[in-house]
Amino acid sequence: MDGGLEEEDRDGVVRRAVFSLPPKYREVLILFYFHEMDVTATARSLGLPEGTVKARLSRGREMLRSKLSNRLRADLLKKEA
């Protein structure tokens, strides 16, 4: 176990967190990570400048990190109670 979550639970939590993001961040994260596109291909696919994709990836990661740390913290608190 890692942080109280089984691997498949962790994957589900990450996917749900990604899908809960606003669409403009969700789209770039899905193409970049789930479809393994690079920044150029992601930008081309969405019709966006590469700089915009990079900015959305950065902001999306930050939002995801926050959501996941809150989720893991809540999970740990449940286990301690």
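The values are calculated or read from the model by the stated rules, or taken from the named source; none is laboratory data. All values derive from a computational prediction rather than experimental measurement. Positions of Cβ are backbone-derived with ideal geometry, glycine not excepted, and every protein chain shown enters the neighbour counts.
A few remarks follow.
- Under the condition of being surrounded by 13 or more Cβ atoms within 10 Å (Cβ to Cβ) and under 18 Å from PHE19 (Cβ atoms), the residues counted in the stretch 46-81 number 12.
- Conditions (1) within 15 Å of the chain's Cα centre (by Cα); (2) modelled with pLDDT under 95; number of the one not met by GLU6: (1)
- Identity of the residue in the stretch 22-41, in a loop (DSSP other than H, G, I, E, B) and out of contact with any Phe, Trp or Tyr (no Cβ under 8 Å at 6 or more places or on another chain), that ends up surrounded by the most Cβ atoms within 10 Å (Cβ to Cβ): MET37
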